[in-house]
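The values are calculated or read from the model by the stated rules, or taken from the named source; none is laboratory data. Here the structure is a predicted model, which means the values were calculated and not measured. Because the Cβ atoms are built from the backbone with ideal geometry, glycine has one as well, and the counts that use them run over all protein chains shown.
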Amino acid sequence: MIKAFDQYQMMRNHQLIFGYRGTLNNELITSILNLSETKLKDLKTPFKKKKSIINILIECLQNILYHSETFSEEFFSGHHCIFLIGRREAEFFIQIGNYIAPRQIPDLKSKLEYVNSLEKEQVHSLYLEILDKGEISNKGGAGLGILRVLKDSGSKLDFNFQEIEENRSFFSMEIKVKD
């Protein structure tokens, strides 16, 4: 029996604004950003807050596209992910999740722990330093994405790694954007 109302109530109770589960590509990122912007506008989100949230979404979705592991399942092939945006009390939250290779965990965990240990001014200084150097990695990034997320959210990142199989883990992260 279909219980769509139960799902609706669950999403309403958790104040989910928008969510997506599936594979990701550039065209879909554009659509997700447009839908998210429309939803935030409908909620009369202040311009500066809306801009911060959209910037965070851009960074997170691009990170999934460029750094997640691809694989095929019954109906989907590509970068599998989940993305949620919602609101609770005096903050918005963005939750993302994607598959990664276990070999990626130590480096990513170290980077996330390091940037989480920085004060706001240190994040800004490091951001400017990396921007000034302009060194691009083999995946096309300069390491600015996570720093940009920290700058725009004003909050520490909550993250987790879960082993799924011997050669596949799931990375999840929640970013809080305070009102």
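A few notes on this one:
- Meets criteria (within 11 Å of the chain's Cα centre (by Cα), within 29 Å of LEU35 (Cα to Cα) and surrounded by 13 or more Cβ atoms within 10 Å (Cβ to Cβ)) for LEU112: no
- Scanning the range 34-57 for residues that are over 15 Å from the mean Cα position of the chain (by Cα) and hydroxyl-bearing (Ser, Thr, Tyr) gives THR38, THR45.
- Complete set of residues in the range 116-132 that are surrounded by 13 or more Cβ atoms within 10 Å (Cβ to Cβ) and closer than 19 Å to ASP158 by Cβ: ASN116, LEU118, VAL123
- TYR66 being surrounded by 12 or more Cβ atoms within 10 Å (Cβ to Cβ), of a type in the set (Phe, Trp, Tyr) and either in a loop (DSSP other than H, G, I, E, B) or touching a strand residue (DSSP E or B) at 6+ places or on another chain (Cβ under 7 Å) (or both): no
- Hey, ARG21 charged (D, E, K, R), farther than 21 Å from GLY154 by Cα and in contact with a strand residue (DSSP E or B) (Cβ under 7 Å, 6 or more places away or on another chain) or not: yes
- The set of residues in the range 1-28 being surrounded by 13 or more Cβ atoms within 10 Å (Cβ to Cβ), in a helix (DSSP H, G or I) and modelled with pLDDT under 90 consists of MET11 alone.
- Here is the figure for the range 72-104: residues that are modelled with pLDDT of 85 or more, under 14 Å from SER169 (Cβ atoms) and part of a strand (DSSP E or B) total 5.
- Selection of the range 34-46 for residues being within 15 Å of GLU91 (Cα to Cα) and assigned to a helix (DSSP H, G or I) yields only LEU40.
- For GLU135, the test of being more than 18 Å from the chain's Cα centre (by Cα), at pLDDT below 85 and under 28 Å from GLU27 (Cα atoms) is passed.
- In the set (1) out of contact with any Leu (no Cβ under 9 Å at 6 or more places or on another chain); (2) over 30 Å from ASN167 (Cβ atoms), the condition left unmet by ILE85 is number (1).
- So SER68, is it modelled with pLDDT under 90 and on the phi < 0 side of the Ramachandran plot: yes
- Hey, SER31 over 15 Å from the mean Cα position of the chain (by Cα), assigned to a helix (DSSP H, G or I), at pLDDT 85 or above and small (Gly, Ala, Ser) or not: yes
- In the set (1) within 21 Å of ASP179 (Cα to Cα); (2) in contact with a strand residue (DSSP E or B) (Cβ under 8 Å, 6 or more places away or on another chain), THR38 fails one condition alone, (2).
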